[in-house]
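Working notes for the structure below.
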2 protein chains.
Amino acid sequence: MPERDHLYLRLAVDLVILTVRDDALQVLTITRANKPFRGQAALPGGFLREGEDLVGAAVRELHEETGLDGRGLHLEQVEAYGEPDRDPRGRIVSVAYLAMMPNLPLPTAGSDASTAGWTPVARATGLAFDHDRILADAVERARTRLEFTTLATAFCGADFTIGDLRNVYEVVWGQPLDPRNFNRKVLGTEGFVEPTGGKRMPEVGRPAALYRAGGATRLNPPILRTDRHG
Amino acid sequence: MPERDHLYLRLAVDLVILTVRDDALQVLTITRANKPFRGQAALPGGFLREGEDLVGAAVRELHEETGLDGRGLHLEQVEAYGEPDRDPRGRIVSVAYLAMMPNLPLPTAGSDASTAGWTPVARATGLAFDHDRILADAVERARTRLEFTTLATAFCGADFTIGDLRNVYEVVWGQPLDPRNFNRKVLGTEGFVEPTGGKRMPEVGRPAALYRAGGATRLNPPILRTDRHG
DNA sequence: CCAAAAGTGTTCGCTTTACACCCATGG
DNA sequence: CCATGGGTGTAAAGCGAACACTTTTGG
């Protein structure tokens, strides 16, 4: 039923999956197997299919291209990108999604999955399409999310210490924080973390209490970076 | 060049144009002239065309449906909506844009434009498609924007008083503010407003100094609502 | 004079920040 | 003992909420 002035196009979903690894903020990238940009690094993603939700497409593509199970992951829409010439294959509008996950080994099983890997955000330049810009937007969004939500816990495993959580903030923000004040701020925010009762023995130093993510979503009051963006 | 698993669809752009009018937050709506939802209120919007930018489509549709010139308006992307059944005409993904403008009379010239009008947000329910949800998301975004950016000035004309600006905050947030503290907060934020030197005589009371929008974009420190959302 | 809105000064209390200090472990 | 990171106490500084008070107009 195409009509006059009605442009038909394809819709892509691109994924910015972030983790904290080796004291650096890293992004999940794939090496493109097909043209255009064959052999070049890109964000994982793919085309929306019939009957599929945007988030559903994101979860499916994540699994197909990296072997990861995206269910349970907090997938947050960043923005839609629609410049007419952003994709040489034709008119393709892309919706970017952001997720944060703990530092887990990537499955190496699947065929497509074999090309997926972590890249430090600081060195992730020259990506295919307009993925440099998408990545920059998503990282800025993630930095803001740490200020106002409890999503930093998404970077940690099931159990973590306050030091682990502080490390997430320091790495994502690229800014050192006072360990003592950070401790109080986190523990003083109801629902941010819950003690598990366990302890973790470090290589050196006093054992640290273990926590898991609490029920709260929003941080009130927020934990603000002093170095304001903009 | 359609391939397997590549869904072709149409992309719509929907507009949430807000203003403050009669001490109420109001949204620009149209009455649909075509099916589906013929005769029902909806947000202005339309389909993306060939070679067109997302923002370009938003500006064009705004002009076609309301007669307004969207150039110069701060159009901010809110979100993309992609539920498979959100539009009975077929698979249509919509990208919503938000803009804030002063209380100007709407052009009544154009044929399509004749159905455009302002509706108080509080009474704007039962809109076509999923526009109720889009409106709610956009309004929440606007409320947050007032906290962290200088966009409240977009609701005012070229010249305005601090009282005018405070009224914008009070109406959009639905919450009274202390006039004295608000005054200092605004004037103490560099680049928020600039004095024009003029004064405005009210019907009753002391004349108020006039200001215009300053060069700043972000509010640092922010002006936070006490009634936290969520 | 009074009413009403604009604008200034000041106090109180909380949050943030900076840092001294103690705790618990391995070597 | 020392080094290292975890955790508590505390005082100073900064900021926002509340409100007394002055200013400038029209009636």
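Overview of values
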item: The range A:122-137 - residue that is surrounded by fewer than 19 Cβ atoms within 10 Å (Cβ to Cβ) and touching a residue at least 60 places away in the same chain (Cβ under 8 Å) and, of those, farthest from residue A:23 (Cα to Cα); result: A:126
item: Long-range neighbours under 7 Å by Cβ, at least six apart or interchain, first residue in contact (Cβ under 8 Å) with a residue 24 or more places away in the chain and over 16 Å from residue B:223 (Cα atoms) within the range B:149-170, second within 15 Å of DNA strand C (Cβ to nearest atom) and among the acidic types (Asp, Glu); result: B:156/B:164
item: Candidate set from the range B:180-202 (those that are more than 8 Å from DNA strand C (Cβ to nearest atom) and open to solvent by 50 Å² or more (accessible area, probe 1.4 Å)); member that is farthest from the other protein chains (Cβ to nearest Cβ); result: B:201
item: From the options A:21, A:49, residue that is modelled with pLDDT of 95 or more, more than 13 Å from residue A:131 (Cα to Cα) and away from chain B (no Cβ under 14 Å); result: A:21
item: Matching residues in the range B:48-78 - criterion: being assigned to a loop (DSSP other than H, G, I, E, B), among the charged types (D, E, K, R) and within 15 Å of the chain's Cα centre (by Cα); result: B:69, B:71
item: Hits in the range B:54-86 - residues which are over 22 Å from residue B:145 (Cα atoms), more than 10 Å from chain A (Cβ to nearest Cβ) and crowded, with 19+ Cβ neighbours inside 10 Å; result: B:61, B:65, B:66, B:68
item: Check on residue B:189, more than 12 Å from DNA strand D (Cβ to nearest atom), outside the structural domain of residue B:29 (by TED's automatic domain parsing), out of contact with any helix residue (DSSP H, G or I) (no Cβ under 7 Å at 6 or more places or on another chain) and among the hydroxyl-bearing types (Ser, Thr, Tyr); result: no
item: Residue among B:198, B:163, B:174 that alone is more than 23 Å from residue B:121 (Cβ to Cβ) and among the small types (Gly, Ala, Ser); result: B:198
item: Subset of the range A:138-163 [open to solvent by less than 40 Å² (accessible area, probe 1.4 Å) and of a type in the set (D, E, K, R)]; result: A:147
item: Conditions (1) assigned to a strand (DSSP E or B); (2) under 13 Å from the mean Cα position of the chain (by Cα): number failed by residue B:102; result: (1)
item: Single match in B:210, B:177, B:224 (criterion: open to solvent by less than 50 Å² (accessible area, probe 1.4 Å), hydrophobic (A, V, I, L, M, F, W, C) and touching a helix residue (DSSP H, G or I) at 6+ places or on another chain (Cβ under 6 Å)); result: B:177
item: Residue within the range B:164-171 that is of a type in the set (A, V, I, L, M, F, W, C), open to solvent by 20 Å² or more (accessible area, probe 1.4 Å) and either within 14 Å of chain A (Cβ to nearest Cβ) or more than 10 Å from DNA strand D (Cβ to nearest atom) (or both) present; result: yes
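The values are calculated or read from the model by the stated rules, or taken from the named source; none is laboratory data. Not measured: the values here are computed from a predicted model. Note that each Cβ is placed from the backbone with ideal geometry, even for glycine, and that neighbours are counted across all protein chains shown. Just the protein is used for accessible areas: all its heavy atoms, side chains included, with ligands, DNA and RNA removed. Shrake-Rupley method; radii C 1.70, N 1.55, O 1.52, S 1.80 Å.
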